[in-house]
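A.B. asks: Below: one structure in structure tokens.
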Amino acid sequence: AQKITQTQPGMFVQEKEAVTLDCTYDTSDPSYGLFWYKQPSSGEMIFLIYQGSYDQQNATEGRYSLNFQKARKSANLVISASQLGDSAMYFCAMRASRSGNTGKLIFGQGTTLQVKP
Amino acid sequence: EAGVAQSPRYKIIEKRQSVAFWCNPISGHATLYWYQQILGQGPKLLIQFQNNGVVDDSQLPKDRFSAERLKGVDSTLKIQPAKLEDSAVYLCASSSPERTEAFFGQGTRLTVV
């Protein structure tokens, strides 16, 4: 069975500083994908970044980077130069690659990030 | 391109009443998902459609929940009768083989009193 664990219910960060949101996962699938989504108070889930289990490089998308440590089964999200608009709930999710790009996502419980001015 | 559309945004009903939610996915997306997100938790898949066929409904409480996607485009999710524990946000998402990520609607926030 697949499982995502996010152990930080809430985090604070000062504006313009970097912050790391933790995510560990468990799966028996040899091939899988890891995602981070942002959920602001308006409710929609916004895709941030993706890491494939066989990708050699850590994924980066603008101010977002994914610190992927396969042996430790961790996929932490790093947000650099935090902005007030980054205040939201952040979810780590996993999908088995055997399902292709249309498989279901398994989500963690989320981390609430608050950026202080 | 237009995103995933959901309606209504909010719904308050009494327990034992019925309710229906509507979703229109991104044009051309064959795969459609309904997720339930209870307050303070991550979304959990209720049902997944591929065109108008069900791929996964293992987590759908079939005694009270039903969903359909008759023409392989928009979908409805129904709860009858509702229980207090059904209070949650119901998220619809769609995806295609060409894109890695799934796209989500803004959700319907259901409160059962």
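The values are calculated or read from the model by the stated rules, or taken from the named source; none is laboratory data. Remember, it's a predicted structure, so these values are computed and weren't measured experimentally. Here the Cβ positions follow ideal geometry from the backbone for every residue, glycine too, while neighbour counts run over all protein chains shown. Surface accessibility is based on the protein's heavy atoms, side chains included, excluding ligands, DNA and RNA. Shrake-Rupley method; radii C 1.70, N 1.55, O 1.52, S 1.80 Å.
A.B. asks: Using Cα positions and a limit of under 20 Å, work out the aspartates and glutamates in reach of A:K3, with same-chain residues fewer than 8 apart set aside.
C.D. replies: Partners within reach: A:D22, A:D26, A:D29, B:D56, B:D57, B:E101.
A.B. asks: In nanometres, what is the gap between the two model label sites at A:S28 and B:S18, each 7 Å from Cα along Cα-to-Cβ?
C.D. replies: Output for this residue pair reads 4.1 nm.
A.B. asks: Residues of the stretch B:87-113 losing 40 Å² or more of accessible area relative to the isolated chain, 1.4 Å probe, heavy atoms only?
C.D. replies: When all protein chains are present, B:T100, B:E101, B:F104, B:Q106 each give up 40 Å² or more of accessible surface.
A.B. asks: Sorted from largest down, give the three principal axis spans of the alpha carbons of chain B, whole angstrom values.
C.D. replies: In descending order, the Cα extents are 41, 24, 22 Å.
A.B. asks: Which of the residues in the stretch A:24-65 show a loss of at least 50 Å² in accessible area from their chain by itself to the complete set of protein chains, at a probe of 1.4 Å?
C.D. replies: Residues of the stretch A:24-65 that lose at least 50 Å² of accessible area once the other chains are added: A:M45.
A.B. asks: Hey, can you find the accessible area per residue of chain B for me, probe 1.4 Å, expressed in square angstrom?
C.D. replies: Counting only protein heavy atoms, the per-residue value for chain B is 50 Å².
A.B. asks: With a bin width of 10 angstrom, please list the P(r) values of the protein assembly as shown as percents of all Cα-Cα pairs, from the 0 bin to the one holding the largest distance.
C.D. replies: With a bin width of 10 Å, the distribution comes to 8, 32, 35, 20, 5, 0.
A.B. asks: If you take the accessible area of A alone plus B alone and subtract the pair, what total do you get in square angstrom, rounded to 100, with a 1.4 Å probe?
C.D. replies: When A and B are taken together, about 1700 Å² of accessible area is lost.
A.B. asks: Something else: Give me the percent of the accessible area of chain A that comes from carbon and sulfur atoms, probe 1.4 Å, all protein chains in place.
C.D. replies: Roughly 48 percent, rounded to a whole number.
A.B. asks: May I pose another question? Express the C-alpha Rg of the stretch A:24-67 as a ratio against the empirical globular expectation 2.2 N^0.38 Å, rounded to two decimals.
C.D. replies: Values: Rg = 12.2 Å, N = 44, 2.2 N^0.38 = 9.3 Å.
In units of the globular-protein estimate, the stretch A:24-67 measures up at 1.32.
A.B. asks: Per residue of B:26-39, count partner chain C-beta atoms within 10 Å of its C-beta, then hand back the mean as an integer.
C.D. replies: If you average over the peptide's residues, the count of other-chain Cβ atoms is 2.
A.B. asks: Per the Kirkwood treatment, what hydrodynamic radius in Å, one decimal, follows for chain A from the mean inverse distance over all distinct Cα pairs?
C.D. replies: 14.3
A.B. asks: Given the options A:S87, A:S42, A:S31, state which has the largest fluctuation in a GNM of chain A using a 10 Å cut-off (strictly under) for Cα springs.
C.D. replies: Result: A:S42 has the largest fluctuation of those listed.
A.B. asks: Could you compute the net charge surrounding A:Q2? Neighbours are other residues with a C-beta less than 12 Å from the C-beta of A:Q2; K and R count +1, D and E count -1.
C.D. replies: So the surrounding residues net to +3.
A.B. asks: Let me ask you something else. Could you state the accessible area per residue of the stretch A:15-100 in Å², with a 1.4 Å probe and every protein chain left in place?
C.D. replies: With the other protein chains kept in place, the stretch A:15-100 gives 46 Å² per residue.
A.B. asks: Which one, B:G53, B:G28, B:G40, has the greatest fluctuation when you compute a Gaussian network model over chain B with C-alpha springs under 10 angstrom?
C.D. replies: B:G40
A.B. asks: Right, something else. Run the reach check for B:K83 against lysines, Cα to Cα strictly under 20 Å, same-chain hits fewer than 8 apart removed. What comes back?
C.D. replies: B:K11, B:K15, B:K44, B:K62
A.B. asks: Treat each spin label as a single point 7 Å out from the Cα along the C-beta direction, and report the A:Q109 to B:Q59 distance in nm.
C.D. replies: So the label points at A:Q109 and B:Q59 sit 1.5 nm apart.
A.B. asks: Also, quick follow-up: So how much slack lies between A:Q56 and A:Q83, counting 0.36 nm per residue of separation and subtracting their Cα-Cα distance, in nm?
C.D. replies: Gain on extension, A:Q56 to A:Q83, equals 6.8 nm.
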